[in-house]
Amino acid sequence: MCRRRRASRHLVLRRGVTGALDLYAWWAKAARGKAPQRRSARIDLLDEGGEPVLSWRFRNLRPVSLTYSPLDANHGGVLIETIAFAFDGVDVS
């Protein structure tokens, strides 16, 4: 009997660290075993003029991991925050 594994569905977002703690607070609540509020998010692909040409709407997002690029003072690059979310579904329009 052959079983198919369901592929894990994660949305991974990266951003330069700005000092905002919104994503960290959401992730930390989940990491402590407190069920954080699930959220929906929309991501738009924009054309050169800033108009949306394609949109993804992710339903019931919940944070599963949060990482940062190496804290290396000799590197001199931007510190990057990466957060992964599990989600229940996505709609594309």
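Just so you know, all these numbers are worked out from the coordinates, no wet-lab data involved. Since the model is a prediction, treat every value here as computed from it, not as a measurement. For neighbour counting, all protein chains shown are included, and Cβ atoms are generated from backbone atoms with ideal geometry for every residue, glycine included.
Go ahead and collect, in residue order, the members of segment 60-89 whose backbone nitrogen is under 15 Å from a label point 7 Å along the Cα-Cβ direction of LEU13.
60-67, 81-88
With the cut-off at 1.5 for a/c, could you classify the chain from its C-alpha gyration tensor as rounded, prolate or oblate?
oblate
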